[in-house]
1. Residues in region 50-85 that are surrounded by fewer than 17 Cβ atoms within 10 Å (Cβ to Cβ), part of a loop (DSSP other than H, G, I, E, B) and in contact with a strand residue (DSSP E or B) (Cβ under 9 Å, 6 or more places away or on another chain): how many?
2. Checking residue 92 against (1) in contact with a strand residue (DSSP E or B) (Cβ under 9 Å, 6 or more places away or on another chain); (2) closer than 28 Å to residue 173 by Cα; (3) part of a helix (DSSP H, G or I); (4) in contact (Cβ under 8 Å) with a residue 24 or more places away in the chain, which single condition isn't satisfied?
3. Is region 104-120 home to any residue that is modelled with pLDDT of 85 or more and over 22 Å from residue 175 (Cβ atoms)?
4. Do we find a residue being free of Cβ contacts under 8 Å to residues at least 60 places away in the same chain, within 21 Å of residue 131 (Cα to Cα) and either assigned to a helix (DSSP H, G or I) or out of contact with any strand residue (DSSP E or B) (no Cβ under 7 Å at 6 or more places or on another chain) (or both) anywhere in region 212-225?
5. With respect to residue 188, determine if the residue is under 18 Å from the mean Cα position of the chain (by Cα) and without any contact (Cβ under 8 Å) to a residue 24 or more places away in the chain.
6. Name every residue in region 217-259 that is under 14 Å from residue 145 (Cβ atoms), surrounded by fewer than 19 Cβ atoms within 10 Å (Cβ to Cβ) and over 23 Å from the mean Cα position of the chain (by Cα), in order of residue number.
């Protein structure tokens, strides 16, 4: 662990002691050792609490009050173990790559991470449930994109169109059992889907177009002049929405009806 990361971790642990967490896990680039000065500190905090998820986050962010970027998630022990039992890919990544930086209980208090049987080894029921969760979010993102387009926020609509397609394609990959999906490129995700189902070749052209919206729609320094809010128009947003809807529609056709998905 780099010296800067160690200093930040020490500050976080000291700040969170009044919260009485059961365990704090560092994950992401800081845990892997490839973080730089601009990288976020990613934390999974385990605490036995009755507080709502969002209320937990509010308390943690107030306590840490850091002068560096960090992202924190707070789970109860039962939530964390249930997510692990469902083979939640995000939790598996935390347990695979994470470093415990604070532990108020012996390790036996938490279930050990089982060996992952392979890239496509997720149990069918868990995989289907995870796929449906991602598809549901993609459908919500598409609705948000349409709402922004109707309000004249065309750059935002284009960005959320890209996000819609990204999450829809990840839904299909999770549904088919893939455990770890890295990256934001819609085109790369389409190619991954094609390896499983040739019908996704129909999304190759939309994917290339949608990838154009990932950076320039948000950051002024991604444009030669002006700002994203003025660079995109209604026609651009309409096309982006149509392309995103193609991805959502195809994935919805490929995914069988949802079972009772744990939330």
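The values are calculated or read from the model by the stated rules, or taken from the named source; none is laboratory data. Model, not experiment: these values are computed from the prediction. Counting neighbours? That spans all protein chains shown, and the Cβs are built from the backbone with ideal geometry, glycine included.
1. 4
2. Every condition holds for residue 92 apart from (1).
3. Going through region 104-120, the residues modelled with pLDDT of 85 or more turn out to be 104.
If we keep only those that are over 22 Å from residue 175 (Cβ atoms) too, we end up with 104.
Checked against the condition, which is being modelled with pLDDT of 85 or more and over 22 Å from residue 175 (Cβ atoms), region 104-120 yields at least one hit.
4. Among the residues of region 212-225, not one is free of Cβ contacts under 8 Å to residues at least 60 places away in the same chain, within 21 Å of residue 131 (Cα to Cα) and either assigned to a helix (DSSP H, G or I) or out of contact with any strand residue (DSSP E or B) (no Cβ under 7 Å at 6 or more places or on another chain) (or both), which makes the answer no.
5. On the way: under 18 Å from the mean Cα position of the chain (by Cα): yes; without any contact (Cβ under 8 Å) to a residue 24 or more places away in the chain: yes.
Here the answer is yes, as residue 188 does meet what is asked.
6. 234, 238, 239, 242
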